[in-house]
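Computed from the coordinates by the stated procedures, all read-outs in this text should not be read as laboratory data. Keep in mind the model is a prediction, meaning the values are calculated, not measured. No Cβ is skipped: glycine too gets one built from the backbone with ideal geometry, and neighbour counts run over all protein chains shown.
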Amino acid sequence: GIGPEGFRIADGAPGTIRIIGNDRRGLLYGVGKFLHTSAYGDRGFVPGAWRGVSVPAMPVRGIYLATHFQNFYQVAPIEDVARYVEDLSLWGVNGFLVWFGMEEFNGIDDPKARAMLARLRALLGIVKSLGLDACLGCICNDGYANSPAHLRAESGTAGRPHYHTKMGERIYNLGNELCPSKPGVPELQLGYCEEKFRAFADIGLDFWFIAPYDNGGCTCAQCAPWGSNGYLRMAEPIARAYRRAFPGGKVVLSTWYFDRWAYGEWAGMAEKFAREKPDWVDCLMADNFEDYPRYPLDNGVPGGLPLVNFPDISMWGQDPWGGYGANPYPGRIQKRWDETAAKLSGGYPYSEGIYEDLNKVICAQLYWAPGRPAAETVRDYAAFEFSPDVAAGVAAAVAIFEENHARERVGQKAVAAARLLEGADARLTPQARRSWRWRLLRIRAAIDEELHRNSLGRGRAEVLRGAAEELLVISRAENAWPMLRPARIPALNIEGPGLPAAHAEAVAASRPAAWWRMDDFRGRAIADATPHGRAAVCEDGVTLVPPGDPPASALPASRAACLHGGRIRATIDNLPDAYSVEFWFCNTLPVAARPVTAYLFSRGSEGPEGTPGDDLGLSGTSAPDTIPPGRLFFYNGDAAAQVIGKTDLPPDTWHHIVLVRDGRRLAVYLDGNAPPELLGDLPKGYPDGVTQIFLGGRNDNFATLQGRIAEVAVYDRALPPEEATRRHAAAKSGDSH
């Protein structure tokens with residue numbers, strides 16, 4: 001024959017191509033090879049020219065679909081997951097591992113547990129229908145949320161024999177895990193597993209995966225060190241019970257996090273397996289987030305067992321995971337592969353979603369042909385999924401993505417990557433252009449470009465917002481746990497409204513009590529442009545100059561403070577109750593995103609929630625029947641009175657504000673309009689003698705502005721209406737600077 005799971009593609013009779021599989025899987029993979037080497041485009045379908053025989057080098061070519069945290073695999077329509085499993089199978093994947101997280105449920109008969117089991121049965125049913133291996137696993141001492149408290153495991157490492165605290169004073173237990181050294185726990189654990197075996201009896205489980213940690217483990221003296229003691233004592237009866245339930249099934253024993261908290265777990269396992277080779281284990285699994293565990297590389301695999309890897313293709317360098325679009329890193333995968341391939345018989349890459357699709361394909365192809373570079377798979381992937389015409393450009397963009405993966409400082413190349421994909425976009429078919437795989441790459445390029453623009457103080461909130469919103473839909477992350485939801489990246493933009501010199505001249509002529517132009521600062525203090533020397537202070541969450549010391553030539557001439565969670569505060573000594581404040585602001589948050597979109601100005605003492613003050617804000621969703629989102633309002637705290645504006649202020653637009661308080665009379669002028677946007681008879685909301693003011697947030701730190709503020713001037717008098725409107729007129733005359 002051709003060889004297990006192998007195939008041959010050859011020319012047949014004139015006008016025909018023969019795809020011959022050694023077996024059912026071989027035929028599936030042969031069809032995949034034919035499709036992946038064919039082309040689809042304006043010329044229609046062009047059959048692939050590849051001919052020959054191909055047989056996989058490694059027998060275990062799985063993917064771990066982490067079915068938890070409300071991620072794509074847990075919540076997407078099962079039809080979408082089925083299509084995705086089929087897509088991956090065509091690249092040579094021969095098994096899928098899924099997860100049943102016991103900590104979420106109160107026993108297997110919990111309605112939520114039954115629903116999850118039904119989901120997993122459907123998913124593994126799809127896998128089996130393709131003739132592939134169905135895999136399920138367990139933490140060897142896992143428990144349900146209502147596990148008996150007196151039987152639970154210990155998690156502390158401080159002062160414990162065999163343990164150290166270099167990685168913290170406790171292991172990653174969730175609190176529901178059980179101690180197998182306590183009477184009754186082994187029987188309870190076996191009962192839990194046998195319930196799961198029965199739930200999948202008609203599906204058939206080809207592999208059973210047993211893990212020691214994350215979560216899991218027990219640090220009590222009787223179980224220590226866990227990996228070579230309590231873990232093995234509990235894993236063996238589970239493995240034997242699985243073999244009885246599924247004769248011919250194979251057991252994968254994981255060593256995840258060995259020697260992370262304990263001493264001697266690897267060495268202890270090796271010693272035990274040297275004394276007696278474990279007939280209950282079919283292969284050992286080893287991997288780590290950072291460097292690959294040295295023990296099996298330097299000393300050989302304990303027991304001489306086959307070794308499979310468990311590469312993290314989802315989380316490394318990602319916070320949140322998948323929060324930036326596609327996360328390809330072929331270079332990292334290749335480097336790790338070159339270090340370990342000689343020891344491996346395959347593996348199960350760890351996947352939290354579809355955003356690492358390219359990483360999955362790279363791993364699958366390395367298991368199939370270990371000597372074929374990952375870079376070639378990147379080009380094959382791009383040619384098949386998008387077009388052969390753009391494969392080189394996509395590969396170049398992917399290389400730049402990997403350079404910028406850490407994101408501490410995204411360089412100028414991010415712009416080049418965005419332009420590469422922008423140019424490729426015009427050459428794609430509509431189907432390829434709309435595909436989620438292409439959109440994930442374009443989203444990543446857009447976010448990286450904005451991170452670079454942020455480093456120059458020129459980030460665009462609308463681009464970042466649009467990328468996050470699209471990514472949320474693609475990844476089905478609407479209800480996902482926070483680490484799986486798209487990143488909400490603030491736009492660090494210090495570009496001001498581009499005002500002419502006449503505006504600054506008009507402000508100076510009005511003799512403000514303080515004037516902050518956002519272009520002269522020392523540390524967190526913004527210099528006062530008047531002779532009075534009343535500096536304002538920026539809190540954390542306010543950016544005046546972008547990180548990375550950009551050259552002065554890269555900075556805008558008209559400057560703003562970028563607010564993303566912080567306020568600007570100042571004290572104006574002897575500020576009377578007749579006062580005025582003017583500023584320019586640009587809100588970048590959707591006005592329906594939260595109950596109050598932002599507070600723009602506040603006068604009052606800093607204090608806890610509800611501290612009284614004079615507060616000017618931009619409405620959100622708190623009372624849509626009485627105040628539509630995106631309108632100015634003035635609130636005087638405990639005095640419980642407010643005035644509401646009539647103009648809708650959309651995000652990403654600059655507006656000029658002049659607030660005038662003259663005793664009980666309150667007027668707010670918007671964009672130079674003579675009739676005040678807000679006008680009312682309101683008592684002041686702050687106590688006598690308070691001279692503290694805040695910009696971009698309320699005095700109790702509620703509803704801070706996401707956006708920019710520029711050219712702030714405070715006056716120790718009430719400006720007359722004509723002066724308020726003239727100021728905006730000055731902004732419209734002359735050349736901007």
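Under 5 Å from the amide H of residue 521 lie the amide H atoms of 527, each residue being 5 or more positions distant or on a separate chain, with H modelled from the backbone and absent for Pro and chain starts. Note on residue 406 and residue 646: the model spin-label points, each 7 Å out from Cα along the C-beta direction, lie 5.7 nm apart. Taken over the Cα atoms of the stretch 398-484, the convex hull encloses 107 Å³ per residue. For the chain, DSSP calls about 70 percent of its internal beta bridges antiparallel.
With all pairs of separate Cα atoms included, the stretch 604-674 yields a Kirkwood hydrodynamic radius of 13.4 Å. Once you reduce the stretch 375-444 and the stretch 1-60 to the center of their Cα atoms, the two points are 27 Å from each other. Given the Cα atoms of the stretch 1-55, and with Rh set as the inverse mean 1/r over their pairs in the Kirkwood sense, what is Rg to Rh to two decimals? We get a ratio of 1.02 for the stretch 1-55. Rounded to whole Å, the principal axis extents of the Cα atoms in the stretch 1-150 read 73, 37, 18, largest first. Straight-line cross-link partners of residue 343 among the lysines, defined as a Cα under 27 Å from its Cα and at least 8 positions apart when in the same chain: 33, 250, 272, 277, 335, 360.
The C-alpha radius of gyration of the stretch 551-685, expressed as a fraction of 2.2 N^0.38 Å, stands at 1.08. Scattering from the stretch 495-732 was approximated by placing one identical point on each alpha carbon and applying the Debye formula without solvent; log10 I(q)/I(0) at 0.11, 0.14 1/Å stands at -0.50, -0.84. Annotation for the stretch 262-339: GluC sites (Glu not before Pro) lying in DSSP loop with at most 14 further Cβ atoms inside 10 Å of their Cβ are 276, 290.
Compute the FRET efficiency between residue 276 and residue 104 as 1/(1 + (r/R0)^6), taking r as their Cβ-Cβ distance and R0 = 45 Å, and round to the nearest 0.05. My answer for the efficiency is 0.75. Along its principal axes, the stretch 91-247 has C-alpha extents of 52, 35, 27 angstrom, given from the largest down. From largest to smallest, the equivalent ellipsoid semi-axes obtained for the chain from the alpha-carbon gyration tensor read 58, 33, 22 Å. Sparse packing (at most 16 other Cβ atoms within 10 Å of the Cβ) combined with a DSSP loop state is found for the following chymotrypsin sites (Phe, Trp or Tyr not before Pro) in the stretch 29-102: 50. Our helix-only sum for the chain, with -39,500 (n - 2.57) per DSSP H run of n ≥ 4 divided by its residues, gives a mean residue ellipticity at 222 nm of -9000 deg cm²/dmol.
Between residue 530 and residues 5 or more places away or on another chain, which pairs have amide H atoms under 5 Å apart, with H built 1.01 Å from N, and which residues are they? Amide H to amide H, under 5 Å and 5 or more residues apart or across chains, residue 530 pairs with 515. Dimensions of the stretch 503-602 along the principal axes, based on C-alpha atoms and rounded to the nearest Å, stand at 39, 35, 25, largest first.
Find the percent of Cα-Cα distances in the stretch 57-386 that exceed 31 Å, and round it to a whole number.
Result: 29 percent of Cα pairs exceed 31 Å.
Once you keep just the Cα pairs under 8 angstrom separated by 6 or more residues, what percentage relative contact order results for the chain? RCO, the chain: 10 percent. Between the C-alpha center of the stretch 126-179 and that of the stretch 190-231 there is a gap of 8 Å.
Ordering 537, 127 from the fewest to the most neighbouring beta carbons within 10 Å gives 537, 127.
Grab the beta carbon distance between residue 338 and residue 592, set R0 = 60 Å, and tell me the FRET efficiency rounded to 0.05.
Details: r = 51 Å, r/R0 = 0.84.
Rounded to the nearest 0.05, the efficiency is 0.75.
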